[in-house]
1. Output the residues belonging to the stretch 23-77 that are at positive phi and either assigned by TED's automatic domain parsing to the domain that holds residue 363 or touching a strand residue (DSSP E or B) at 6+ places or on another chain (Cβ under 7 Å) (or both).
2. Looking only at the stretch 504-513, decide whether some residue is more than 33 Å from the chain's Cα centre (by Cα), touching a residue at least 40 places away in the same chain (Cβ under 8 Å) and assigned to a helix (DSSP H, G or I).
3. Does the stretch 422-434 contain any residue that is surrounded by fewer than 18 Cβ atoms within 10 Å (Cβ to Cβ), basic (Lys, Arg) and farther than 27 Å from residue 97 by Cα?
4. Every residue in the stretch 62-81 that is polar (S, T, N, Q), surrounded by 19 or more Cβ atoms within 10 Å (Cβ to Cβ) and touching a Pro at 6+ places or on another chain (Cβ under 8 Å), please.
5. May I ask you to say which residue of 314, 307 is without any contact (Cβ under 8 Å) to a residue 12 or more places away in the chain and in contact with a helix residue (DSSP H, G or I) (Cβ under 9 Å, 6 or more places away or on another chain)?
6. Could you list, in sequence order, all residues of the stretch 207-221 that are surrounded by fewer than 17 Cβ atoms within 10 Å (Cβ to Cβ) and under 28 Å from residue 239 (Cβ atoms)?
7. Can you give me the number of residues within the stretch 298-319 that are in a helix (DSSP H, G or I), surrounded by fewer than 21 Cβ atoms within 10 Å (Cβ to Cβ) and within 18 Å of the chain's Cα centre (by Cα)?
8. Looking at the stretch 468-493 only, could you name the residues that are closer than 19 Å to residue 516 by Cβ and either among the polar types (S, T, N, Q) or part of a loop (DSSP other than H, G, I, E, B) (or both)?
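The values are calculated or read from the model by the stated rules, or taken from the named source; none is laboratory data. Please read these numbers as outputs of a predicted model, since none were measured by experiment. Every residue, glycine among them, receives a Cβ derived from its backbone with ideal geometry; neighbour counts consider all protein chains shown.
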Amino acid sequence: MTEKQPLNPPRHFLPTLSCFGKSLLFGFVVLLGALLYSEKIHLTTADLGRHLKNGETFLTGLKPVTTNFYSYTEPDHPGINNHWLTGVIFFLVQKWVGFEGLGVFYTCIFLLTIAIFFWVSQKMSNFYYALFFFLISLPLITSRTEIRPEGFSYLFLGIYFYLLHQVKTRKLPPEFLWIIPLIQVLWVNMHIFFTFGLGIVGAFVLDSWFNEKGRFLSQCYLKVGFVSAVVCLANPFGIKGALAPLTTFMNYGYMLAENQPVIFMQKRMPGNPLYVHFEALFFVCATGFSLVLRKHNFRKYVLAVSLLTFFSVLSWRFIRAIPLFGFFLVPFMASLGHDFFKDRSPLVNRRVSQGLMVLSILILGSALSFKNLYYSPQKLNPQKLFGLMPGVNASAEFFKRNQLEGPVFNNYDIGGYLIYHLFPRERVFVDNRPENYSVSFFKDVYVPMQENDDVWQKMEKRYGFNAIYFYRHDMTPWAQSFLIRRIRDVRWAPVFVDDYTIIFLKRNPKNARLIRMYELPPWMFQVRRNF
């Protein structure tokens with residue numbers, strides 16, 4: 001008898017990628033992420049100016065800011081500055097390589113975070129699942145592009161997740177977990193999200209408690225988590241600094257857009273596709289887990305369910321948490337999809353991987369080729385380059401060049417910009433850290449003086465304003481009506497306006513010469529009814 005020849009394997013329409021092909025495809029993902037994330041700095045409304053001044057102040061006196069001393073209205077109001085160390089880092093980078101270099105530095109932090117999460121995601125599934133879910137989550141991950149301390153929080157979360165996963169899968173010995181408390185000492189001084197690091201450790205404790213027989217890892221996680229919690233006291237504010245995340249967001253007298261729920265912001269900005277995207281991925285995530293949990297033991301998915309539930313609830317409540325949901329959605333949804341198909345035939349698994357590869361290539365190609373797509377960097381911001389927005393410092397240069405003097409009344413948005421350019425020569429009326437001001441300041445002073453001219457005149461007399469320095473596009477219900485009244489107020493003269501700001505001077509002998517030189521004619525200003 002002749003020996004039977006083995007059957008030829010079925011031919012497939014598409015091959016899977018080689019190692020080089022995978023590297024190339026991931027490189028395009030990194031490119032798209034960099035283009036979506038990097039942008040010129042809108043310094044007028046960014047918190048960055050204040051962070052830079054915090055860093056400069058610390059290096060001058062080797063002491064972080066502990067009060068609201070940038071302001072002349074409530075200079076002694078206590079404040080807990082959990083991000084003072086980030087200010088030092090930003091200041092040093094900006095001093096050495098300028099704003100362009102600072103933008104590159106911040107983007108590199110983001111790309112490193114992407115690489116970490118992607119690496120863990122493909123270890124939990126395979127390259128194609130990780131690639132696809134990273135692409136569909138990318139708009140969520142890149143939804144907050146301003147240079148902020150939270151960029152370090154994303155990186156630290158990625159490092160924690162990597163270390164904990166590697167120890168869980170026995171790829172690293174448990175001793176590597178002691179890197180976590182060392183990072184926690186930095187994190188508690190860099191951003192208020194440091195508590196999320198403790199939360200991730202807690203999620204792995206819960207997972208090992210349900211799934212590990214000997215519970216050796218549970219004990220390791222608990223020890224590391226306990227030490228990490230203790231070292232949170234290693235900050236200039238002690239126990240108050242360690243507990244700040246539990247109290248800070250309850251003391252705001254001013255409504256911040258980033259701290260609003262998704263539904264609220266969706267009504268305010270109905271044309272923004274980000275919120276629909278978030279809702280769609282949340283629905284896909286919830287549906288996927290409900291389907292898989294019917295066939296598999298819940299114990300296996302304790303980690304995924306606990307972390308995704310936490311970050312999804314947090315994102316529904318605070319839109320600033322949407323990138324966190326995006327980051328953690330990738331590994332867990334990739335793992336879920338891989339688990340769903342892994343019991344099928346090798347042919348089905350191959351076809352699914354090929355299909356995900358094709359979809360990923362289509363998304364990447366479309367995003368990098370066209371200008372009018374949701375994923376297109378050109379559409380999201382046509383000026384995706386590093387450095388400052390054009391002319392953003394013109395008003396500050398005008399103020400300093402002509403030696404204008406305060407007291408200055410400014411709006412909330414522009415506070416950090418004025419701190420960066422004018423402090424210590426001039427202090428601000430208010431800046432964009434509401435926790436540094438009392439609730440009554442916003443409710444009884446700042447908002448009413450813009451809504452009611454009687455209150456304005458009372459506060460004008462109380463503080464003796466000599467100049468008004470305002471971000472023109474402040475869209476709060478009171479800001480535009482206030483500016484309109486000041487344009488019509490004969491006691492105030494507009495002397496500077498550009499795409500970002502407007503400056504008024506009080507008509508008095510001290511400002512008479514400058515007003516003669518720079519007063520802007522009334523015909524320059526138009527009142528639009530939609531204000």
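1. Taking the stretch 23-77 first, the residues at positive phi are 62.
Listed by number, the list is empty, since nothing qualifies.
2. Yes, the stretch 504-513 has at least one match.
3. Quick first cut of the stretch 422-434, residues surrounded by fewer than 18 Cβ atoms within 10 Å (Cβ to Cβ) only: 424-425.
Still in the list and also basic (Lys, Arg): 425.
With the extra rule that they be farther than 27 Å from residue 97 by Cα, the set shrinks to none.
No; the residues of the stretch 422-434 include none that is surrounded by fewer than 18 Cβ atoms within 10 Å (Cβ to Cβ), basic (Lys, Arg) and farther than 27 Å from residue 97 by Cα.
4. Those that are polar (S, T, N, Q), surrounded by 19 or more Cβ atoms within 10 Å (Cβ to Cβ) and touching a Pro at 6+ places or on another chain (Cβ under 8 Å): 68, 81.
5. 314
6. Scanning the stretch 207-221 gives a single hit, 219.
7. Summing the residues that are in a helix (DSSP H, G or I), surrounded by fewer than 21 Cβ atoms within 10 Å (Cβ to Cβ) and within 18 Å of the chain's Cα centre (by Cα) in the stretch 298-319 gives 5.
8. Of everything in the stretch 468-493, those that are closer than 19 Å to residue 516 by Cβ and either among the polar types (S, T, N, Q) or part of a loop (DSSP other than H, G, I, E, B) (or both) turn out to be 489, 490, 491.
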